[in-house]
Structure formats: structure tokens, C-alpha cells
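The values are calculated or read from the model by the stated rules, or taken from the named source; none is laboratory data. These figures come from a predicted structure and were not determined experimentally. Don't worry about glycine lacking a Cβ; one is built from the backbone with ideal geometry, like all the others, and counts go over all protein chains shown.
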Amino acid sequence: MYRKNAWKQYDASTEKEVMKFAEGYKEFLSSSKTERLAVKEAVKRLEAHGFKSVEGLKKVAPGDKIYFLNRNKNVCAFVLGKEKVSDGLRILGAHIDSPRMDLKEHPFFEKNEFAMADTHYYGGIKKYQWVTIPLALHGVVCLKDGTTVDINIGDDDKDPVVGISDLLIHLSADQLVKPASKVIEGEALDLTIGNKPLKGEEKNAVKANVLKLLKKKYGVEEEDFISAEIEVVPAGKARDYGLDRSMVAGYGHDDRVCAYTSLMALLDIENPQYTSCCILVDKEEIGSVGATGAQSNFFENAVAKLLELSGESHPLWSARLTFEKSKMLSSDVSAGFDPLFPSVSDPNNAAYFSYGLVFNKYTGSRGKSGSNDANPEYYAWIRKVMDENNVCWQNAELGKVDQGGGGTIAYILGNYSMDVIDAGLAVFNMHAPMEIVSKADLYEAYKGYKAFLLG
Ligand code: MN
Ligand code: MN
């Protein structure tokens, strides 16, 4: 099933299944606009499938399903295998953070009688793509009394939206001769959030009015936004794309599409040979750093705890030895070959829509720098597992040599001396407010991830 168009392989009933699977994904994507919301949706599905939180557990046995939660922004779940945990894991790892803008700590100001909110973008974005589109605000404000207030504005049909303005074409003579990187600059990504003054207020009355509304609805003061995490994301739901409904348009396919398909694969697993795992991490788009990113010790500690709960030895070195015997798919998206921009891809080594799960042996840039270049011995095993399970799959590089590049979490787990390869879906418009994936690829990724866990 290497390099075959998946749609051509489907009979009517499979095609129905493919379309149905995409409905579940659209729901997940529409409700998972931030890493916190993605974790919340993941935990909801894990618990519905019998997974229990590790908190309070005294021991685990083969067949058990458990999950570890890290600060509501990172989760890993396991189905205990027939073999010992220390015989190695089968790991699917995806990231659930996506490029966006974050409110600054002191975001609110007033300018020419507009209330504005200042942002700092997160991850790699083409800034000009984020203006003149409806934007929503999702996140939390954490108060000094220890409580957390959820903020959610712009994704309910009755909600207002916010946005960033751009210059009208009529007066853009100077702007249009600038390079694309300068057309909209980072410090100019200011949200318009109001235009009505508070009656009786002399100074900054428009800002005062917006703050009063926030106080009324959420009980928060301006200063509380110092300890907040408010993400500015495209408003609206994921939709079918194309007159034939063969694709999905939405915000955050990178990498929630791999997170969802990996999670769904794990949810289907019962009594596997080797302990199966799905880990969803934060912060990939800014280097996988910090307590909730892939470089955090959280995962290593979770596996040490798992060894302890299953009655095996539990010092950290045994978690590391377990990693040495583990296999992983770094589930992350790849650049789809776009007929409008063929010049950036090598056609023999590009990812094509609807040709199934994409394996990237390596990513990186300037001579594979920073990439986990997977071992061919491992890749051969992967090919066998995919072919034995009739999974449509393909190989790709992230664009032509020296055209650019990118990275994933693969090398981080690879550093544990683990076999890791990147495997995900082809995406159009990566990091834009509206990204596109193929429904056939969505289904093949899910199939491929499941085959891997059982392989
Ligand atoms: Mn990614
Ligand atoms: Mn990315």
C-alpha cells in the first residue's frame, strides 16, 4: 500500500467509515483550540474508555488502562501489555500546542478611543495571515486566592469576536512595497476589543468599559491578567473542505490531527502484547521546552512510576532502560505537496494528500541539522507492519534540500536511545489560521497508529 491513493482502495462501506471518523475529529478539533482544552477533551475520551487516573492507584496489572496528567497541559496514557513494562513500550507522541498569539501580561490599552489588547505571537507564523479574520480568546486567569477562571469568548455563535485590522487597499501604496515579513510586524499584532466609552469616565473610558464587562462576566481585574494564559486563536469550527467534502479545514491540525488519531488508536487497544502509550505534549512549537514540553522529565518519571506500580524495579535508570527497548512514532504533520507551490518540494520525496500516513525519516534543516534520522533497521520493521495491516503510507522530506526545514519531538525521545521515526499527515497551509488535511489520510493515520501499537 506504499504510495497509493487511499480513496481508490475504499469500497462504499469503508468510505462511509472514513467520513464518519472525520466527523469525530472535527468535533475534537473545534473544542480543542488550546493545549488545555485538548487535554480536557483527551481526558474526557480516556475516562469514557475506562482509563483511570494514576492518582491513588496502588498497583497495575496487564490490560489495565491508566493516565498521568501534567499541569492540565500534558497527558500520557497507557494500556498495560502482556509483556513486562520493562520489555519496552510502543509509544505514539504528538503535540497539542499550535501557533497563535498570546495576550501579554499587561495587555490592555486605549488608543484613539479604541480599547486594544497587546499580544506576543507563539510559534512560527506569517503575521500577515492573522489580520482581518475573526478571532476568539481561550484560556485561564489564575487568581491570588488559588482559584482559576476559564475564559472562553468568540466560539459560541452568540459571542462577539475580536480581530486585528489591516490597512485598506486604497491607502496601501507604502505598505505593499514592503517584504511580506514586514507588512505586519509582531508588535503591531494588537487586538481591537472595544469602541464604546464608559459613561461618566474621563480618561481611557473605552478601556474602562471593557474592563468593567470582564469584571462583570468573569470577576477578574486588570491586574489579574499578569497570572493568566489567554490564547488568541481563529474563531469558528472545523469544516468540510472541497465540494466533494474530501478534506477538513480548521485551526490547529498541526498537530492536533496526529494527537487525535494517536489517541483514538490507543482507545481501541485491548490487552496488547507490549504496553501501549500515547503522550500528548505542549510547547513543541517553541522548542519542546519547559515542564509540559517533550523535554520535561515528566514522561520519564511517569514510566518509572508505572514500573513501580507493576511490581517491577522503579529507579529512574530502569525507566531509561525501558526506553532503550521501546519503539516510538513521533506523530507530527508533514508539508503536503501543493500544486500552487510545486517548486519547494522534491516530487519523489514529497507528501501527497490522500496517499496515507507520511513517514519522515528525518526533518531538520541545512544538512539534516537537528533531526532524528531514523535507523533503517527500524524503518524496515515499520514498512512490514504497515504493509501487513494494509495501511496506505508514503515517505517524504519536509521540502527540497535547503528550502527551509523544521523539527519535531522525535530527536528528544531518540536521545533516550529509543527507535523513533516521524509519522503523520500531510497538511496544507501549515501554521496558517486555516490548515487543511485529507479525510483519507486522517483515517489511514489512525489505522497506521493502531497497527504500530499492536506490531
Ligand atoms: Mn508539528
Ligand atoms: Mn508546527
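Odds and ends about this structure:
- If you check V43, V79 for being hydrophobic (A, V, I, L, M, F, W, C) and in contact (Cβ under 8 Å) with a residue 60 or more places away in the chain, only one passes: V79.
- Yes/no for A319 being of a type outside the set (V, I, T), modelled with pLDDT under 95, in the same structural domain as D402 (by TED's automatic domain parsing) and crowded, with 23+ Cβ neighbours inside 10 Å: yes
- Within segment 118-132, the residues that satisfy the criterion of being buried (at least 16 other Cβ atoms within 10 Å of the Cβ) and assigned to a loop (DSSP other than H, G, I, E, B) are G123, I125, V131.
- The criterion of at least 2 residues that are among the aliphatic types (A, V, I, L, M) and surrounded by fewer than 20 Cβ atoms within 10 Å (Cβ to Cβ) is met, among helices (runs of 4 or more DSSP H) falling completely within segment 1-75, by 12-31, 35-48.
- Selected residue (only one of G405, G399 is surrounded by fewer than 24 Cβ atoms within 10 Å (Cβ to Cβ), without any contact (Cβ under 8 Å) to a residue 60 or more places away in the chain and at positive phi): G405
- Odd one out for L168, checked against (1) in contact with a Lys or Arg (Cβ under 9 Å, 6 or more places away or on another chain); (2) away from ligand 2 (no atom under 16 Å from the Cβ): (1)
- Hits in segment 236-261 (condition: buried (at least 23 other Cβ atoms within 10 Å of the Cβ) and more than 16 Å from ligand 1 (Cβ to nearest atom)): A238, V248
- Positions within segment 119-129 being within 18 Å of A180 (Cα to Cα) and more than 15 Å from ligand 2 (Cβ to nearest atom), in sequence order: K127, Y128
- Against the list (1) surrounded by fewer than 19 Cβ atoms within 10 Å (Cβ to Cβ); (2) touching a Lys or Arg at 6+ places or on another chain (Cβ under 6 Å); (3) among the aliphatic types (A, V, I, L, M), the condition A115 fails is (1).
- Where a residue in segment 276-287 is among the basic types (K, R) and its partner, wherever it lies, is more than 12 Å from ligand 1 (Cβ to nearest atom) and not in a loop (DSSP other than H, G, I, E, B), with Cβ under 9 Å and at least six apart: K283/E35; K283/N74; K283/G293
- Residue within segment 75-92 that is modelled with pLDDT of 95 or more, within 16 Å of ligand 1 (Cβ to nearest atom) and at negative phi present: yes
- Matching residues in segment 28-61 - criterion: being under 25 Å from E231 (Cβ atoms) and touching a strand residue (DSSP E or B) at 6+ places or on another chain (Cβ under 6 Å): L29, K33, T34, E35, V39, A42, L46
- Verdict on D282 being of a type outside the set (S, T, N, Q) and within 16 Å of ligand 1 (Cβ to nearest atom): yes
- Residue-level analysis places N375 outside the set of residues that are touching a Phe, Trp or Tyr at 6+ places or on another chain (Cβ under 6 Å), surrounded by fewer than 22 Cβ atoms within 10 Å (Cβ to Cβ) and in contact (Cβ under 8 Å) with a residue 40 or more places away in the chain.
- Scanning segment 17-38 turns up at least one residue that is acidic (D, E) and under 25 Å from I151 (Cβ atoms).
- Segment 76-105 - residue that is out of contact with any Phe, Trp or Tyr (no Cβ under 8 Å at 6 or more places or on another chain) and assigned to a strand (DSSP E or B) and, of those, nearest to A319 (Cα to Cα): I91
- Restricted to segment 252-269, and to residues there that are more than 11 Å from the chain's Cα centre (by Cα) and in a helix (DSSP H, G or I), the residue that is nearest to I436 (Cα to Cα) is T261.
- Scanning segment 281-327 for residues that are charged (D, E, K, R), assigned to a loop (DSSP other than H, G, I, E, B) and farther than 22 Å from D64 by Cβ yields a count of 1.
- The set of residues in segment 408-455 that are without any contact (Cβ under 8 Å) to a residue 24 or more places away in the chain and either crowded, with 24+ Cβ neighbours inside 10 Å or within 16 Å of ligand 1 (Cβ to nearest atom) (or both) contains only N429.
- Of all residues in segment 272-297 being crowded, with 24+ Cβ neighbours inside 10 Å and within 16 Å of ligand 2 (Cβ to nearest atom), the one that is nearest to A451 (Cα to Cα): L280
- Lone unmet requirement of (1) away from ligand 2 (no atom under 16 Å from the Cβ); (2) over 18 Å from G63 (Cα atoms); (3) touching a strand residue (DSSP E or B) at 6+ places or on another chain (Cβ under 9 Å) for A302: (2)
Each row is one residue, and each column tells you yes or no for (1) under 18 Å from A410 (Cα atoms); (2) within 16 Å of ligand 1 (Cβ to nearest atom).
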position: L329; (1), (2): yes, yes
position: N348; (1), (2): no, no
position: Y352; (1), (2): no, no
position: F359; (1), (2): yes, yes
position: G364; (1), (2): yes, yes
position: G367; (1), (2): yes, no
position: E377; (1), (2): yes, no
